[in-house]
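K.L.:
Starting off with a structure, shown below.
The values are calculated or read from the model by the stated rules, or taken from the named source; none is laboratory data. What you see is a predicted model, and the numbers here were worked out from it, not measured in a lab. Note: ideal-geometry Cβ built from the backbone for every residue, glycine included; neighbour counts use all protein chains shown. Just the protein is used for accessible areas: all its heavy atoms, side chains included, with ligands, DNA and RNA removed. Shrake-Rupley method; radii C 1.70, N 1.55, O 1.52, S 1.80 Å.
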2 protein chains.
Amino acid sequence: MIGLDDKQILASWQKNVSPWIDAIQYKQIESRVQVTDQAIIETVTSLSGNNVSGNGVSGKNVLDVGCGEGWLTRELTKTGLSVTGVDAVQGLVDKAKTLGEGDFRVLEYEQFSDKTIPQQYDIVVCNFSLIGNESVEHIFKVIPSILRDDGVLIIQTLNPHTGCGESAYVDGWREGSWDGFSQGFCDPAPWYFRTVESWMQLFINNGFVLADLKEPVNYRTGKPVSLILAGKLLSLPVVA
Amino acid sequence: MIGLDDKQILASWQKNVSPWIDAIQYKQIESRVQVTDQAIIETVTSLSGNNVSGNGVSGKNVLDVGCGEGWLTRELTKTGLSVTGVDAVQGLVDKAKTLGEGDFRVLEYEQFSDKTIPQQYDIVVCNFSLIGNESVEHIFKVIPSILRDDGVLIIQTLNPHTGCGESAYVDGWREGSWDGFSQGFCDPAPWYFRTVESWMQLFINNGFVLADLKEPVNYRTGKPVSLILAGKLLSLPVVA
């Protein structure tokens, strides 16, 4: 859609720091509380070789991209993982630092590189945090350089089939909405719709194969809420 | 659903050999003619390192599982691939042998093993031919043993999100239907609905990672028609 672009996403989030912090803290987003929060925790801990009971300290390290006010960073830290949260929005990172343990920093997606992120990670996780077009393509390009050879990139996003609505099932910008959120929100960010095939192409084009795919379902409605994709780098030579 | 099982699928197809041959020969299935036939040809030729113009004879060999009257075997043979078609239905294989070149044989899915299929293949392709439950699980278990280490398993199936309809998005048997087909068809086969996550689990549980995923779209309706998944065996040791 003409006039919608990546810059508007950051501008919108900078205006909605306070209601977003409330929405997470007071568990106002039903799909997260009932389905997707637990789904992403289980996927990360399972693929890290860790377990949700938090018994084993694996020593593995995780980068939580688009960490917001840091709930996932804190939850994963509890399981024994060493987690760093990054977010483009200063106000969210400031809040994250006050809410408990965790290593948090501000970094815009366009600034991601192996210079700004010199460490290598076992897991990079992006939980509903890849909303744009070029910014997301950039993130995917950089991640192979900040991921260990046997590392894994995990994303959770709105299930494209559920999120498509009546529109044609093709990539493109869509108008945002805060329907269902509290009245404190304003100026919703546009978002770039991607089909499942298009998400897969982002993985393939950047050297990944898919090691897992989940479609968390809301069992009350019987419909898939989100899509979780986990990619591993295919820098693995074939040994006969 | 109680009372539906894999055996009914084969029984149904044995009754519908003649109208099926007509449906393919006279191009009566719009989604195949407009979208999915070309999509599977392009995926196989692309992943075989071949090309659709048929210029290069790659020498690679393909097993077409559930080949029916053999149209895909013949099309892939034209591109220079060496293709064997297998199908559980004698009447379809008999017809395939009369329609042109190609190596065809009868084999029920339950009989698949490295004994009944002693050769190894670069590509195994299943085009709308994985309809059941246990029979499909068995096929997936056997394929790693008949696929070369660097081989690829390609399936095309009804897109689960389009095919789900109003029912809950969970695996299970569904009643069949010949709606939209000619009047010559009778006793539709039941089919086992799988979510995208469930298809992915079949790959993962049998040692595959996903190397490609496509969702061919009917651009007239703007909706995805099918789902193509391509898996490679992860018997690849990590080399640092």
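K.L.:
Mind checking which helices (runs of 4 or more DSSP H) fall wholly inside the range A:75-183 and carry at least 2 residues that are farther than 22 Å from residue A:198 by Cα and modelled with pLDDT of 95 or more?
P.N.:
Numbers: elements: A:90-98, A:134-146, A:160-163.
The helices (runs of 4 or more DSSP H) meeting that bar are A:90-98.
K.L.:
Looking at residue B:222, is it within 11 Å of another protein chain (Cβ to nearest Cβ) and at positive phi?
P.N.:
Details: within 11 Å of another protein chain (Cβ to nearest Cβ): yes; at positive phi: yes.
Yes; evaluated as a whole, the condition is true for this residue.
K.L.:
Would you please list the contacts, defined by Cβ atoms under 7 Å and residues six or more apart or on different chains, that run from a residue in the range B:101-128 that is among the hydroxyl-bearing types (Ser, Thr, Tyr) to a residue that is in a strand (DSSP E or B)?
P.N.:
These pairs meet every condition: B:121/B:61; B:121/B:62; B:121/B:63; B:121/B:147; B:121/B:148; B:121/B:151.
K.L.:
Okay, moving on. Just one of the numbered conditions (1) more than 9 Å from every other protein chain (Cβ to nearest Cβ); (2) within 19 Å of the chain's Cα centre (by Cα); (3) more than 19 Å from residue B:231 (Cβ to Cβ) is not true of residue A:230; which one?
P.N.:
Of everything listed in (1) more than 9 Å from every other protein chain (Cβ to nearest Cβ); (2) within 19 Å of the chain's Cα centre (by Cα); (3) more than 19 Å from residue B:231 (Cβ to Cβ), residue A:230 misses just condition (3).
K.L.:
For residue B:211, all conditions in the list (1) within 9 Å of chain A (Cβ to nearest Cβ); (2) at pLDDT below 95 hold save one; what is the number of the exception?
P.N.:
Among (1) within 9 Å of chain A (Cβ to nearest Cβ); (2) at pLDDT below 95, residue B:211 violates only (2).
K.L.:
How many residues does the range A:143-179 contain that are on the phi > 0 side of the Ramachandran plot and in contact (Cβ under 8 Å) with a residue 60 or more places away in the chain?
P.N.:
Within the range A:143-179, the subset on the phi > 0 side of the Ramachandran plot is A:165, A:172.
Now restrict to residues that are in contact (Cβ under 8 Å) with a residue 60 or more places away in the chain: A:172.
So the answer is 1.
K.L.:
Keeping to the range B:1-52, report how many residues are free of Cβ contacts under 8 Å to residues at least 12 places away in the same chain, assigned to a loop (DSSP other than H, G, I, E, B) and among the acidic types (Asp, Glu).
P.N.:
Selection size over the range B:1-52: 0.
K.L.:
How many residues are out of contact with any Asp or Glu (no Cβ under 6 Å at 6 or more places or on another chain) and surrounded by 15 or more Cβ atoms within 10 Å (Cβ to Cβ) if we restrict to the range A:23-45?
P.N.:
Here is the first cut: in the range A:23-45, the ones out of contact with any Asp or Glu (no Cβ under 6 Å at 6 or more places or on another chain) are A:23, A:25-40, A:42-45.
Subsequent filtering for residues that are surrounded by 15 or more Cβ atoms within 10 Å (Cβ to Cβ) retains A:23, A:28-29, A:31-32, A:34-37, A:39-40, A:42-45.
Summing the residues that are out of contact with any Asp or Glu (no Cβ under 6 Å at 6 or more places or on another chain) and surrounded by 15 or more Cβ atoms within 10 Å (Cβ to Cβ) in the range A:23-45 gives 15.
K.L.:
A further question follows. Just one of A:99, A:158, A:130 is in contact with a strand residue (DSSP E or B) (Cβ under 8 Å, 6 or more places away or on another chain) and open to solvent by 50 Å² or more (accessible area, probe 1.4 Å); which is it? Even if it seems obvious, please write down each step before you answer.
P.N.:
Numbers: A:99 fails: in contact with a strand residue (DSSP E or B) (Cβ under 8 Å, 6 or more places away or on another chain); A:130 fails: open to solvent by 50 Å² or more (accessible area, probe 1.4 Å).
From the options A:99, A:158, A:130, the qualifying one is A:158.
K.L.:
Considering only residues that are more than 14 Å from residue B:105 (Cα to Cα) and crowded, with 24+ Cβ neighbours inside 10 Å, which ones fall in the range B:71-80?
P.N.:
B:72, B:76, listed by residue number.
K.L.:
Give the range B:146-191 a look and list any residue that's within 14 Å of another protein chain (Cβ to nearest Cβ) and of a type in the set (S, T, N, Q), or say none.
P.N.:
Answer for the range B:146-191, where residues must be within 14 Å of another protein chain (Cβ to nearest Cβ) and of a type in the set (S, T, N, Q): B:156, B:157, B:159, B:162, B:167.
K.L.:
Condition (residue is away from chain A (no Cβ under 11 Å) and either open to solvent by 30 Å² or more (accessible area, probe 1.4 Å) or among the small types (Gly, Ala, Ser) (or both)) applied to the range B:192-202: is it met by at least one residue?
P.N.:
Checked against the condition, which is being away from chain A (no Cβ under 11 Å) and either open to solvent by 30 Å² or more (accessible area, probe 1.4 Å) or among the small types (Gly, Ala, Ser) (or both), the range B:192-202 yields at least one hit.
K.L.:
Can you tell me which residue is surrounded by the most Cβ atoms within 10 Å (Cβ to Cβ) among those in the range A:208-231 that are of a type in the set (Val, Ile, Thr) and assigned to a loop (DSSP other than H, G, I, E, B)?
P.N.:
So in the range A:208-231, the residues of a type in the set (Val, Ile, Thr) come out as A:209, A:217, A:221, A:225, A:228.
From what is left, the residues that are assigned to a loop (DSSP other than H, G, I, E, B) are A:221, A:225.
Details: A:221: 12, A:225: 22.
Residue satisfying both the conditions and the ranking: A:225.
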